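Chemist: Got a structure for you, questions after.
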Amino acid sequence: MRSANIYDQHFRALGQSIDIKRISVFELKTESGRYVVRGAPEQDASLLSRFRQWRNRMKGASHEAPISYGTEEIERLEIEGRSRRAKPDRLPDFYSLPNTLRTVGSYLDSKNAELLELHKSPLSITLLYQNENGHPNMEERSVASFYNLFVALHGKRNRR
């Protein structure tokens, strides 16, 4: 799965897809050349929504089934996402899932790292990756700790 500087693009596309599904807490792994996401959609508090959730549980349906993304699907998601983006020169919202994941992807790309697992919680991200020498590393960081990198990357893109 690893080739030079792909995580930023792949993670933004994954973030757009995961965001549409209303999943904010999840686990992302690489398995057999694919990205696999496990997480549940945010719960809606309406009575109708709670009824649907109860009905789905009674039928044995689960919202926590893994979602798998191959390279072709990520490329399709990237093209779709590009068509929806407006005003490319403005500073986007860092806390949107696609932008946060893109920044984390750029961080991994800058380290020439290979992602093994990423765990996203509301306030933190835990990364398990192999460095370029093949040694495993684990980092748990707040989402906000990536903000300065996000601003620097946005500045570089605007200068191009």
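The values are calculated or read from the model by the stated rules, or taken from the named source; none is laboratory data. All values derive from a computational prediction rather than experimental measurement. FYI the Cβ positions are ideal-geometry reconstructions off the backbone, even for glycines, and counts take in every protein chain you see. Side chains included, ligands, DNA and RNA excluded: accessible areas come from the protein's heavy atoms. Shrake-Rupley method; radii C 1.70, N 1.55, O 1.52, S 1.80 Å.
Chemist: When segment 126-148 is examined, which residues are found to be free of Cβ contacts under 8 Å to residues at least 24 places away in the same chain and in contact with a strand residue (DSSP E or B) (Cβ under 8 Å, 6 or more places away or on another chain)?
Modeler: The answer is T126, L127, L128, Y129, Q130, N131, P136, M138, E139, E140, R141, S142.
Chemist: Among (1) in contact (Cβ under 8 Å) with a residue 40 or more places away in the chain; (2) more than 19 Å from V25 (Cα to Cα); (3) in contact with a strand residue (DSSP E or B) (Cβ under 7 Å, 6 or more places away or on another chain), which single condition is V104 missing?
Modeler: Every listed condition holds for V104 apart from (2).
Chemist: Let me ask another. Take S124 and tell me if it is more than 21 Å from G33 (Cα to Cα), in contact with an Asp or Glu (Cβ under 7 Å, 6 or more places away or on another chain) and either at pLDDT 95 or above or open to solvent by 90 Å² or more (accessible area, probe 1.4 Å) (or both).
Modeler: yes
Chemist: A follow-up question, please. Which number in (1) open to solvent by 30 Å² or more (accessible area, probe 1.4 Å); (2) assigned to a helix (DSSP H, G or I); (3) among the acidic types (D, E) marks the one condition that E139 misses?
Modeler: Unmet for E139, out of (1) open to solvent by 30 Å² or more (accessible area, probe 1.4 Å); (2) assigned to a helix (DSSP H, G or I); (3) among the acidic types (D, E): (2).
Chemist: Conditions: (1) at pLDDT below 90; (2) exposed (fewer than 12 other Cβ atoms within 10 Å of the Cβ); (3) more than 22 Å from E114 (Cα to Cα). S32 meets all but one. Number of the miss?
Modeler: Condition not satisfied by S32: (3).
Chemist: Another question, then. Need the failing condition index for V151 against (1) open to solvent by 40 Å² or more (accessible area, probe 1.4 Å); (2) free of Cβ contacts under 8 Å to residues at least 60 places away in the same chain, just the number.
Modeler: It is condition (2) that V151 fails.
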